[in-house]
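Working notes for the structure below.
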Amino acid sequence: YTKRVCVDLSSEALKLAKEKIGEHGDFIIGDYLSLPTPKSAPFDGATLINVLYHVKREDQEKLVRKILSDLNPGAKLVIVYSNPHSPSAIITKILVKAKKQLTARKNGDTHENPIYFFRFPLNYWKRFEDVADVQIRAWRTFSPALEKLLFRKRLFGAGLLRMILKFENQKWWSRVAE
């Protein structure tokens, strides 16, 4: 792509994007759902990388449909969105919860406000088959630090990680996990 349109609520995130792509981007601070369609639309493609989880549950479908309507015919929308029922997501959830409990005991209960996070099960994506070719692929849901802790420095760790990702890519897994 010769030009990218980057939309984010965070000026800091847009600053980082500008550092990476410079003159090859238009940077818009705001919520894509409430913004007018950019003048450069329709687009040749779009990506949402770990974004939708932070959009209100009731607005996720609206956002995806708006982006799909702003694409050229045949253009692709790639959404990185982890399966909440995958083995890696379940392991991560357990470890994050344990870490929060340990931190709360050590530092006293801080009652911090977590960032909004909601993800639908994989069968949710079937609702877009009326306007898009929906294909689901496994994506690594472990953070690099957690992956390093659990797998890379452990005996058979890399093989175990490959096995989990292969298991998550099986078509039947999405049916079992629902």
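The values are calculated or read from the model by the stated rules, or taken from the named source; none is laboratory data. This one's a predicted model, so the numbers in the text were calculated from it and none came from an experiment. Here the Cβ positions follow ideal geometry from the backbone for every residue, glycine too, while neighbour counts run over all protein chains shown. Ligands, DNA and RNA are excluded from the accessible area calculation, which covers all protein heavy atoms including side chains. Shrake-Rupley method; radii C 1.70, N 1.55, O 1.52, S 1.80 Å.
A simple spin-label model places pseudo-atoms 7 Å from Cα toward Cβ; at residue 1 and residue 97 they are separated by 3.7 nm.
Summarising the label geometry, the points placed 7 Å from Cα in the beta-carbon direction at residue 123 and residue 166 lie 2.8 nm from one another. Across the stretch 65-72, computed HN-Hα scalar couplings (Karplus, 6.51 cos²θ - 1.76 cosθ + 1.60, θ = phi - 60°) run 5, 5, 5, 4, 6, 8, 9, 5 Hz from first to last residue, x flagging Gly and Pro. Given a 1.4 Å probe and the protein chains as shown, residue 130 ends up with an accessible area of around 110 Å².
Simple spin-label estimate for residue 49 and residue 28 gives 2.0 nm between the two label positions (7 Å along the Cα-to-Cβ direction from each Cα). Taken one residue at a time, the phi angles of the stretch 9-19 give Karplus couplings (6.51, -1.76, 1.60, θ = phi - 60°) of 6, 9, 5, 5, 5, 5, 4, 5, 4, 5, 4 Hz. Gly and Pro are set to x.
Quick check: residue separation of residue 40 and residue 105 times 0.36 nm, minus the Cα distance between them. What number comes out in nm?
Length gained, residue 40 through residue 105: 18.3 nm.
Rounded to the nearest 0.05, the FRET efficiency derived from the C-beta distance between residue 80 and residue 56 at R0 = 22 Å is 0.75. Across 80, 51, the residue with the most accessible area heads the list, and the full order at a 1.4 Å probe is 51, 80.
Once you charge only the Cβ atoms, +1 for Lys and Arg and -1 for Asp and Glu, what is the size of the charge dipole of the stretch 1-73 about its Cα centre, to the nearest 20 debye?
60
Under 5 Å from the amide H of residue 4 lie the amide H atoms of 25, 26, each residue being 5 or more positions distant or on a separate chain, with H modelled from the backbone and absent for Pro and chain starts. Here's how it looks for residue 136: its modeled amide H is under 5 Å from none belonging to a residue 5 or more places away or on a different chain.
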